[in-house]
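The next block holds one structure in the form of structure tokens; read it before the comments.
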Amino acid sequence: METKLKKLVLEGFYHEAENVMLTIPLNAQRDIIMNLAYDTESIAIYGFLRYMLEKNKTKYLLEMTIDVMINPLCFVEGAYEVALFHTRELLKIDFSVEKVIFFHDIPEKLVEEKEAEAVAREIIKIEPDNCVANRILKNKK
């Protein structure tokens, strides 16, 4: 299954790859995609995930796309910026996500203090004991 998916994605047959992906149990999809991204180091994996997101923008697909860009494809110029875009899209679906703060904590500081604090305040409303959000707000004082 993984070999077939890899071949289809790398050859740009995203529709066919989607059909294969839909036969894979949800709990195994992320592992397979991550393995493909690590094994191939190909931006085609991201292209396939974008194709999937265009059809169905779910929290699960957004999280998988972010993970691919900040882990196996992090060496690609602009990967963190792309991941940040998808993180902001994820916030529209699930505001309890603290991944935006990750982009504030990296040396490149892609997220400014003001945005990190705003996200932290919103997270605290939903989850008052969130350690990451509390740390951001504590550092502000």
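A few notes on this one:
- Restricting attention to the stretch 42-62, the residues that are buried (at least 18 other Cβ atoms within 10 Å of the Cβ) and under 13 Å from His15 (Cβ atoms) total 2.
- Filter result (buried (at least 21 other Cβ atoms within 10 Å of the Cβ), free of Cβ contacts under 8 Å to residues at least 24 places away in the same chain and not β-branched (Val, Ile, Thr)) within the stretch 64-91: Met69, Ala83
- The single condition among (1) surrounded by fewer than 16 Cβ atoms within 10 Å (Cβ to Cβ); (2) touching an Asp or Glu at 6+ places or on another chain (Cβ under 9 Å); (3) not hydrophobic (A, V, I, L, M, F, W, C) that Lys125 does not satisfy is (2).
- Filter result (touching a residue at least 12 places away in the same chain (Cβ under 8 Å) and of a type in the set (Asp, Glu)) within the stretch 26-62: Asp39, Glu41
- Candidate set from the stretch 111-139 (those that are in a helix (DSSP H, G or I) and touching a Ser or Thr at 6+ places or on another chain (Cβ under 8 Å)); member that is farthest from Gly78 (Cα to Cα): Ile126
- Given (1) more than 26 Å from Lys7 (Cβ to Cβ); (2) assigned to a helix (DSSP H, G or I); (3) more than 17 Å from the chain's Cα centre (by Cα), index of the condition Glu108 fails: (2)
- Number of positions in the stretch 92-117 that are at pLDDT 85 or above and surrounded by 14 or more Cβ atoms within 10 Å (Cβ to Cβ): 6
The values are calculated or read from the model by the stated rules, or taken from the named source; none is laboratory data. If you're wondering where the values come from, they're calculated on a predicted model, not measured in any experiment. Counting neighbours? That spans all protein chains shown, and the Cβs are built from the backbone with ideal geometry, glycine included.
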